[in-house]
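Report on one structure; see the data block that follows.
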Amino acid sequence: MLDIRDLTVRYHSMGRTTDAVNGISLRIDKGSFTGLVGESGSGKSTLMTALLGLLPPGTDVMGQILYKGADIIRMQESEMRDLRWKEISLVPQGAQNSFTPVMKIKRHIEEVLNVHSGKFGEDAEKEVVRLLKDVGLDAGIKERYPHELSGGQKQRAAIALALACYPALLLADEPTTALDVIIQAEILELLSGLRKSKNLSIILVTHDLPLAAMVCDRLVVMKDGIIAETGTPSELVNAPRHPHTKDLVREMFWQRDKKNG
């Protein structure tokens, strides 16, 4: 479905060059749930931006990003506009705070449906209700403003927005940030359920290894722009090979022992 081949993303700033992503190769299969794990500066956000074709002008991009056989890097912007939302969609980091305060939830979703699906009026409103139901929200939520929703409800609404055009690949960038532990687990359970019911491929971007290990069937650990290690959650937690993965696992067990101690 998605085949990243020897991808390098190079930024230029104030006379300096930085390879935010450096020669990585990665394959994402249809229906998979992949956890992209790394600290700030590891390159994971740059990789997501590259997948959406939204890297800033002047960025050097080498390698290939093949989506269903077509190279995203070499697509025209008009082609990328067709790809975004309909094929690849994003739940952005801080999605809870991305809603326009003076717009009702239904209007946020209707705008996406109007522009990308050509649905208006009653058809769009029915679709809003269906999308909210898919993410576990009552139909009445559509008439509320963002400030009237809890953090968990806003995150669910953001996921509904990302699903509005039936994408095949969902990118979820730190979707549990600023949520308490119980709500985090509910959001992860929701994503896992949507993956199965919608036959979605999901890439979960997170700094939190234990969180990714809860739901993902494959983990990809990034460090300084490279892929340090890949494997199943069991493989990486029980037998990590790369020093950075070992550090993440030690931290995971330390936090668990601290909590239980």
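Each value in this text was obtained by applying a stated rule to the coordinates, not by laboratory testing. All figures in this text were calculated on a predicted structure; none of them were measured in a lab. Every residue, glycine among them, receives a Cβ derived from its backbone with ideal geometry; neighbour counts consider all protein chains shown.
Some observations on this one:
- Restricting the stretch 198-240 to residues that are touching an Asp or Glu at 6+ places or on another chain (Cβ under 8 Å) and of a type in the set (Ser, Thr, Tyr), the residue that is surrounded by the most Cβ atoms within 10 Å (Cβ to Cβ) is Thr206.
- Residue in the stretch 105-153 that is farthest from Asp180 (Cα to Cα), counting only those that are among the small types (Gly, Ala, Ser) and in a helix (DSSP H, G or I): Gly121
- Per-region count, the stretch 161-187, residues under 12 Å from the mean Cα position of the chain (by Cα) and either in a helix (DSSP H, G or I) or farther than 22 Å from Trp85 by Cβ (or both): 2
- Given (1) without any contact (Cβ under 8 Å) to a residue 40 or more places away in the chain; (2) within 28 Å of Val61 (Cα to Cα); (3) surrounded by fewer than 17 Cβ atoms within 10 Å (Cβ to Cβ), number of the condition Thr245 does not satisfy: (3)
- Residues in the stretch 97-130 that are closer than 18 Å to Pro167 by Cα and loosely packed, with under 15 Cβ neighbours inside 10 Å: Asn114, Val115, Gly118, Arg130.
- The lone exception for Lys142 - which of (1) more than 20 Å from the chain's Cα centre (by Cα); (2) farther than 16 Å from Ile159 by Cβ; (3) not small (Gly, Ala, Ser) it fails: (2)
- Taking the criterion of being in a loop (DSSP other than H, G, I, E, B) and either within 23 Å of Ala168 (Cα to Cα) or within 18 Å of the chain's Cα centre (by Cα) (or both), the residues of the stretch 192-224 that qualify are Asn199, Leu200, His207, Asp208, Cys216, Asp217.
- When the stretch 63-112 is filtered for residues that are more than 23 Å from Ile202 (Cα to Cα) and β-branched (Val, Ile, Thr), the ones remaining, listed by number, are Thr100, Val102, Ile105.
- Residues (more than 24 Å from Ile88 (Cα to Cα) and crowded, with 16+ Cβ neighbours inside 10 Å) located in the stretch 152-180: Leu179
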